[in-house]
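For reference, the structure discussed in these notes is given below.
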Amino acid sequence: TVKAEMVSTLSGKIMGTIKAVNAREGDRVIKGQVLISIDDRQVSAQLQQAKAALKEALQAEVAAFSARDAAKAGADLAQVTYNRYLKLMEDNASSKQEFDQIVLNLRQAGAALKEAEAVLEAAGQRVKQSEAAVASAEVAQRDAEITAPFDGVVIARMVDVGDLSSPGRPLLTVEKSGSVEIEAIIPEDRIQLISLNQSLDVVLNRLQVS
């Protein structure tokens, strides 16, 4: 049996209606040629939604940065004020009531800073998730076009325009051009005549090849 050294069955990766089939059985194709186009309106809508979500997430992150910076400034000021009143208390130049209020302010400022840092971390996570969603949608959009993996010949076409493509469904089979291999079943009583790296002559349709 003579067959191509490489055969690839192209399958869909997204759900959608096939809007164009640009190759038939027997057609020669080149690497990168668009063979099948799938309606990408759904994935395009998903991409736009993902980009909008990313924009909102980035804006929220900017706001979270500002809030964190403000909370840090407040905490720094509260710490400076505490240090000043602590010295005043040591010099008996401030009342305990005033000092207790300063301590309370310091604790509240510290709590506000921790909360702002937690909000900022959550905003960063949302940005990462949104970026991943955009990347996934962009990949899905590219998957709407099925291209030839190498130069070759279409040997099987399993779909037509209007059919539904779904992940894993075979669409076309392409056989690589330029190199073939021969499969042969050797009778057991001839095995001793075959050795590794042995050169053989093969006759195909009255034509002899080596």
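See the values below:
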quantity: Values of log10 I(q)/I(0), in the order q = 0.19 Å⁻¹, for the chain under a Debye, Cα-only, solvent-free model; calculated: -1.20
quantity: Average accessible area per residue (Å²) across the chain - probe 1.4 Å, nucleic acids and ligands excluded; calculated: 68
quantity: Space enclosed by the convex hull of the alpha-carbon atoms of the range 1-115, per residue, Å³; calculated: 209
quantity: Accessible area of the range 59-140 belonging to carbon and sulfur atoms, whole % at 1.4 Å probe; calculated: 56
quantity: Cα-based equivalent ellipsoid, the range 27-94: semi-axes from gyration tensor eigenvalues, Å; calculated: 64, 13, 5
quantity: FRET efficiency for K51 and K128, using Cβ-Cβ distance with R0 set to 22 Å, rounded to 0.05; calculated: 0.90
quantity: Difference of contour (0.36 nm per residue) and Cα-Cα distance, E145 to E90; calculated: 12.1 nm
quantity: Cα-Cα separations in the range 138-210 greater than 21 Å, expressed as whole percent; calculated: 56
quantity: Length released on extending from A135 to V202, taking residue separation times 0.36 nm less the Cα-Cα span; calculated: 19.0 nm
quantity: Spacing of the two label points (7 Å from each Cα toward its C-beta) at I186 and M158, in nm; calculated: 3.5
quantity: Highest-fluctuation residue, R68, R190, R157 considered, GNM on the chain with Cα pairs under 10 Å; calculated: R190
quantity: Local electrostatic count at L58 - Lys and Arg +1, Asp and Glu -1, tallied over other residues with Cβ under 13 Å; calculated: +1
quantity: Label point distance in nm, S177-I194, each placed 7 Å from Cα along Cα→Cβ; calculated: 3.1
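The values are calculated or read from the model by the stated rules, or taken from the named source; none is laboratory data. Treat the numbers as computed from the prediction; the structure is a model and nothing was measured. When we count neighbours, we look across all protein chains shown, and the Cβ atoms used for this are built from the backbone with ideal geometry, even at glycine. To get the accessible areas, we keep the full protein, side chains included, count just its heavy atoms, and leave off ligands, DNA and RNA. Shrake-Rupley method; radii C 1.70, N 1.55, O 1.52, S 1.80 Å.
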